[in-house]
Amino acid sequence: MKLSAKSRYASRILLDLALHNEGVPHRVNDISERTGITVPFIEQIIKPLKHAGMVTSKRGASGGHQLSRSPENISLGDIVRIMEGSVELSACLSAPELCERTDVCPTRAAWQRATDAMLRELDTISLAELAKGAPNCCQLSDDYFERDS
């Protein structure tokens, strides 16, 4: 399984907001400059995060986006579920009707265990934990955010 760019970029955006969590909204242009993510993609990614209650937005000259929950209460598991929707490693886990062998398949339970283990681990990693190990954004090299794209 490979996470979509939306999940990876949502994590970057939320981490950026956690690192700059001063109680004031941050403009999309500022977030873009700090993360290297384009403004249109940030705007696209913010929508489901807002809908899920992770981000609040304010319009106007002093507007922008900020976290609506503390970084300790946002996990990578939360982010992946919001951005990916279904995260099962095999389609038969969320739609058993797709496979006529679902009831007798010896590997289905293994895929379920692996999916559950992955999500449990992602649920243990909070934005606060990531922020503790994050380098100072002002000192990042120009290609820092492009390395895993």
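The values are calculated or read from the model by the stated rules, or taken from the named source; none is laboratory data. Everything numeric here is computed off the predicted structure, so don't read it as measured data. Don't worry about glycine lacking a Cβ; one is built from the backbone with ideal geometry, like all the others, and counts go over all protein chains shown. Please note that ligands, DNA and RNA were not included when accessible areas were found on the heavy atoms of the full protein model with its side chains. Shrake-Rupley method; radii C 1.70, N 1.55, O 1.52, S 1.80 Å.
Scanning region 44-64 for residues that are open to solvent by less than 70 Å² (accessible area, probe 1.4 Å) and not in a loop (DSSP other than H, G, I, E, B) yields Ile45, Ile46, Pro48, Leu49, Val55, Thr56, Ser57, Gly64. Flag set for Glu121, criterion: at pLDDT 90 or above, of a type outside the set (Val, Ile, Thr), part of a helix (DSSP H, G or I) and open to solvent by 50 Å² or more (accessible area, probe 1.4 Å). In this structure, Leu93 does not qualify as open to solvent by less than 60 Å² (accessible area, probe 1.4 Å), at pLDDT 85 or above and in contact with a helix residue (DSSP H, G or I) (Cβ under 9 Å, 6 or more places away or on another chain). Residue count for region 69-88 satisfying the condition of being surrounded by 16 or more Cβ atoms within 10 Å (Cβ to Cβ) and either in contact with a strand residue (DSSP E or B) (Cβ under 7 Å, 6 or more places away or on another chain) or touching a residue at least 60 places away in the same chain (Cβ under 8 Å) (or both): 9. Candidates in region 21-43 are the residues that are free of Cβ contacts under 8 Å to residues at least 24 places away in the same chain, in contact with a helix residue (DSSP H, G or I) (Cβ under 8 Å, 6 or more places away or on another chain) and not hydrophobic (A, V, I, L, M, F, W, C); of these, the one that is least open to solvent (accessible area, probe 1.4 Å) is Ser32.
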